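As structure tokens, the structure follows; a few thoughts come after it.
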Amino acid sequence: MNIQNIRVIKLLVVIPLLFLLASCAAGNEQFTAENPAGFWWGLWHGVIAVIALVIHIFNDNVLVYEFNNTGGWYDFGFLMGVIMIWGGGSHANCQSARKKQRDKEWDETCGRVETKVMRKLKDWAADEEGGDTTDEWDDIGEKVEKKFKRKIREWADKE
């Protein structure tokens with residue numbers, strides 16, 4: 001099965017699902033002043049709020065928010081539904097993933113810069129000493145590298 005077929009199948013599943021979700025949108029005639037929407041309906045309407053908003057743009061009969069509701073409990077359910085889908089823990093996971101990716105990229109970049117700087121310093125020292133690169137230089141290089149890393153960490157921790 002190729003990618004084009006998979007996309008068509010996903011589309012054929014998503015579109016009816018969207019219509020099913022929209023059929024349970026706020027503004028339904030089943031809610032009246034005598035029979036208002038409660039917490040659970042508020043939760044559901046919060047979950048489908050974005051879908052209902054898109055449909056409401058084209059159809060004034062579909063509302064995002066049910067006006068015949070129980071008040072605070074409906075509002076609380078609506079807010080919880082919106083948060084669960086659009087602002088809950090998924091946002092934190094995205095931030096965490098982005099931070100891990102940035103840290104990985106930063107480590108790779110620092111490693112490349114460090115290698116390049118050390119190579120240039122070694123070349124510079126070899127030019128000064130007439131081409132002599134001894135074990136002594138390697139010891140000095142390790143000490144400079146450790147101090148350089150420590151200073152960079154201290155500087156980075158300040159931000």
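The values are calculated or read from the model by the stated rules, or taken from the named source; none is laboratory data. Since we're looking at a predicted model, the values are computed, not measured. Methodologically, a virtual Cβ is constructed for each residue, glycine included, from the backbone with ideal geometry; neighbour enumeration extends over all protein chains shown.
For beta carbons closer than 9 Å, sequence separation of 6+ or different chains, a first residue in segment 31-47 that is within 15 Å of Val64 (Cα to Cα) and a second that is among the acidic types (Asp, Glu), the qualifying pairs are Phe31/Glu66; Ala37/Glu66; Trp41/Glu66; Gly42/Glu66; Gly42/Asp75; His45/Glu66. For segment 1-33, the set of residues classified as among the small types (Gly, Ala, Ser) and modelled with pLDDT of 80 or more consists of Ala33 only.
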